[in-house]
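One structure below.
The values are calculated or read from the model by the stated rules, or taken from the named source; none is laboratory data. Because the structure is predicted, anything quoted here is derived from the model rather than measured. When we count neighbours, we look across all protein chains shown, and the Cβ atoms used for this are built from the backbone with ideal geometry, even at glycine. Keep in mind that these areas ignore ligands, DNA and RNA; they rest on the heavy atoms of the full protein, side chains included. Shrake-Rupley method; radii C 1.70, N 1.55, O 1.52, S 1.80 Å.
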Amino acid sequence: MKNPATKERIKDLLDGVTKYDLQDRPKVRKWVKQFARILNEPLTETQEDQLVNFIISQKIDPNNMLHLIKLYTMFR
């Protein structure tokens, strides 16, 4: 996500996301597919399931700064 245009596209897709959206499996699956398309990253069904399960298991609250810092350090 070093490409600013790609980063902006992903930020735009996630604008207004709530913690309840991030616990909704169909919504998360849709976003994972969209992000993979934006990043030109082919995903198998298994990889997609693993990503969805990982995101849901993190119980992310996008309005909680501690959750965001945790995510940042995880992927830094």
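Side notes on the structure shown:
- For the residues ARG76, ARG29, the requirement of being at pLDDT below 90 and charged (D, E, K, R) singles out ARG76.
- Checklist (1) in contact with a Ser or Thr (Cβ under 7 Å, 6 or more places away or on another chain); (2) of a type in the set (A, V, I, L, M); (3) surrounded by fewer than 13 Cβ atoms within 10 Å (Cβ to Cβ) applied to MET65, failing item: (1)
- The single residue among VAL32, VAL28 that is β-branched (Val, Ile, Thr), surrounded by 14 or more Cβ atoms within 10 Å (Cβ to Cβ) and within 18 Å of LEU68 (Cα to Cα) turns out to be VAL28.
- If the condition is being acidic (Asp, Glu) and either more than 12 Å from the chain's Cα centre (by Cα) or open to solvent by 50 Å² or more (accessible area, probe 1.4 Å) (or both), then region 1-25 contributes GLU8, ASP12, ASP15, ASP24.
- Complete set of residues in region 40-63 that are touching a residue at least 12 places away in the same chain (Cβ under 8 Å) and over 14 Å from LEU14 (Cβ atoms): GLU48, LEU51, VAL52, ILE56, GLN58, LYS59
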